[in-house]
1. Tell me which residues, restricted to the range 116-135, are modelled with pLDDT under 80 and either under 28 Å from T87 (Cβ atoms) or not in a helix (DSSP H, G or I) (or both).
2. If L142 satisfies every condition in (1) under 30 Å from P166 (Cα atoms); (2) at pLDDT below 75; (3) not charged (D, E, K, R) but one, which is the exception?
3. Which residues, taken from the range 111-151, are within 28 Å of the chain's Cα centre (by Cα) and either polar (S, T, N, Q) or surrounded by fewer than 10 Cβ atoms within 10 Å (Cβ to Cβ) (or both)?
Amino acid sequence: MSKSDFMCKNRHGMYYARFIIPKHLQSHFNNRKEIRRTLQTDSRKLAIKRARIYRVEFEKIVDQLMSNKPMKTGLITFTDLNMNLVTVDTGDHLKDVELYNLIKPVETKQASVTRKKREEELHQAQLKAITAPMPDVDPKKLSQYLPEYIKHQTDPDRLEGKGWKPPTLETNEKT
């Protein structure tokens, strides 16, 4: 199986994880034939990494369904008001939901304003980074950097005797 058997790309260049559901298990997935999840990237390298995570989770679910073991539902994880990650796991999903509803953070108006302000600042910083002009670079030829590089490689104080010795220097200068 190749790396990209479980990935596809939409017309906008975004990658999706794509998993075919075996026929005998489609009833567990509302009779769907496949599952697609966005990987939220147009980078193939990053998409492969993210798709692997989905693949492992999908295969765990399929294995549990095929072995008829009771499935453990996903853990309830949320961020509290102090920005700490909290996971609720009592072993019983209904109890987890009930407990979460009792302790879920109620976002204050001030926290909401702060969160929205941070999101907007992040968005503006990303826009600025994207639209920032490239700095003017004074292009030099490689040969103009060579004397400085040789001096750097032969400096005995900087390299503590690990720099280029005379035979190496002679060979490298010729090259």
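The values are calculated or read from the model by the stated rules, or taken from the named source; none is laboratory data. As the structure is a computational prediction, the values presented were derived from the model and not from experiment. Virtual Cβ from ideal backbone geometry, glycine too; neighbours counted across all protein chains shown.
1. Within the range 116-135, A132, P133, M134, P135 meet the criteria.
2. Of (1) under 30 Å from P166 (Cα atoms); (2) at pLDDT below 75; (3) not charged (D, E, K, R), only one is false for L142: (2).
3. Quick first cut of the range 111-151, residues within 28 Å of the chain's Cα centre (by Cα) only: 111-134.
Matches in the range 111-151: S112, T114, Q124, Q126, K128, A129, I130, T131, A132, P133, M134.
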